[in-house]
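Coordinate-derived values only; no laboratory data. These numbers come from a predicted model, not from an experiment. Neighbour counts are summed over all protein chains in view; Cβ atoms, including those assigned to glycine, are modelled from backbone coordinates with ideal geometry.
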Amino acid sequence: MPVQYYIFLSIALFCIGVMGVLMRRNAIIIFMCVELMLNAVNLLLVAFSKMWADAGRVDAAGAQIFVFFIMVVAAAEVAVGLAIIVMVYRNSQSVDVNIMNRLKN
Amino acid sequence: MGMNLQQVVFGILSIISLITALGVVFSKSPVTSVLCLILTFFTIAGHYVMLNAQFLAVVHIIVYAGAIMVLFLFVIMLMNLNAEGEPQKRNWLKYAGAISGGALLVVLLAALREASLPSLTPASNDIGLIANLGQTLFKTYVVPFEVSSILFLSAMVGAVVIGKKEH
């Protein structure tokens, strides 16, 4: 099976995530779309790991370790980001990202 | 054209993951979005199993479906956003977002359409098993591993400090 199939699937998932970030105003949905984009990249890394393993490279596991680190960063990001969203909600009773305009004043 | 079992499974998983990913973006209620995203994560875990990353698939389900999405659901329940109607954005902005995402999709697909890459063999290997990954993680990547533990600690402290009520 060509590795292109996985590349195209990852591109499609990534672009759906981009679309969600641009179209929605709910901060939580935007955050979930960012997670979707991170997962598209993870899928691509795993596909390339398999490709290199098929080519006989002994260090193909490095790509999967990289996926671990992306998961670590994503988990830390979710913890801090959701804390920020909860604080914004507590101050303004809304999770609309347009509320952030008030930072200008 | 002959389609082997691998391609059939890939097609089914891909269709489900694309539909649920679109559900994340277009569903009205945030809870439906979260449930769609959990389904997407399960199908991605299925892809990992197909790609010989068995341990990664298990970790993916535990971390994403088990921890991160529960956190999202928890926050949504806490805010009582369930029935909240999202304030309508100006319509042309919505179209502009959709068109930009679609244009990015077209550009990336066109750029990679004729890339010459090898095919994946159906043969399995032991790259993704825990013995191999553990050897790699604790021999080659032990410094980034320790740094990531410091990152976790600082993220935990940061979340607590941000979430604390001011007096």
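Among the numbered conditions (1) touching a residue at least 60 places away in the same chain (Cβ under 8 Å); (2) at the interface with chain A (Cβ under 8 Å from one of its Cβ atoms), tell me where B:Leu108 comes up short.
Unmet for B:Leu108, out of (1) touching a residue at least 60 places away in the same chain (Cβ under 8 Å); (2) at the interface with chain A (Cβ under 8 Å from one of its Cβ atoms): (1).
Against the definition (within 10 Å of chain A (Cβ to nearest Cβ), farther than 25 Å from A:Ser49 by Cα and of a type in the set (Ser, Thr, Tyr)), how does B:Ser14 come out, yes or no?
Values: within 10 Å of chain A (Cβ to nearest Cβ): yes; farther than 25 Å from A:Ser49 by Cα: no; of a type in the set (Ser, Thr, Tyr): yes.
For B:Ser14, the condition - within 10 Å of chain A (Cβ to nearest Cβ), farther than 25 Å from A:Ser49 by Cα and of a type in the set (Ser, Thr, Tyr) - is not met.
Does B:Asn52 qualify as being crowded, with 16+ Cβ neighbours inside 10 Å and of a type outside the set (A, V, I, L, M, F, W, C)?
yes
Which residues, taken from the range A:31-44, are buried (at least 20 other Cβ atoms within 10 Å of the Cβ) and among the aliphatic types (A, V, I, L, M)?
The answer is A:Met32, A:Leu36, A:Ala40, A:Leu43, A:Leu44.
Pick out the one residue from A:Phe66, A:Phe48, A:Phe14 that is part of a helix (DSSP H, G or I), more than 7 Å from chain B (Cβ to nearest Cβ) and within 13 Å of the chain's Cα centre (by Cα).
A:Phe14
Do you know which residues across the range B:46-72 are within 10 Å of another protein chain (Cβ to nearest Cβ), at negative phi and in contact (Cβ under 8 Å) with a residue 12 or more places away in the chain?
B:His47, B:Tyr48, B:Met50, B:Leu51, B:Ala53, B:Phe55, B:Leu56, B:Ala57, B:His60, B:Tyr64, B:Met69, B:Phe72
With respect to A:Ile16, determine if the residue is more than 29 Å from B:Phe138 (Cβ to Cβ), in contact (Cβ under 8 Å) with a residue 12 or more places away in the chain and surrounded by 22 or more Cβ atoms within 10 Å (Cβ to Cβ).
yes
Which numbered condition in (1) farther than 26 Å from A:Val86 by Cβ; (2) surrounded by fewer than 21 Cβ atoms within 10 Å (Cβ to Cβ); (3) facing chain B (nearest Cβ under 9 Å) is the only one that A:Leu22 fails?
Failed condition: (1).
Has the range B:18-31 got at least one residue that is at the interface with chain A (Cβ under 9 Å from one of its Cβ atoms), touching a strand residue (DSSP E or B) at 6+ places or on another chain (Cβ under 9 Å) and either over 15 Å from A:Leu13 (Cα atoms) or not hydroxyl-bearing (Ser, Thr, Tyr) (or both)?
So far as the range B:18-31 goes, yes, one or more of its residues are at the interface with chain A (Cβ under 9 Å from one of its Cβ atoms), touching a strand residue (DSSP E or B) at 6+ places or on another chain (Cβ under 9 Å) and either over 15 Å from A:Leu13 (Cα atoms) or not hydroxyl-bearing (Ser, Thr, Tyr) (or both).
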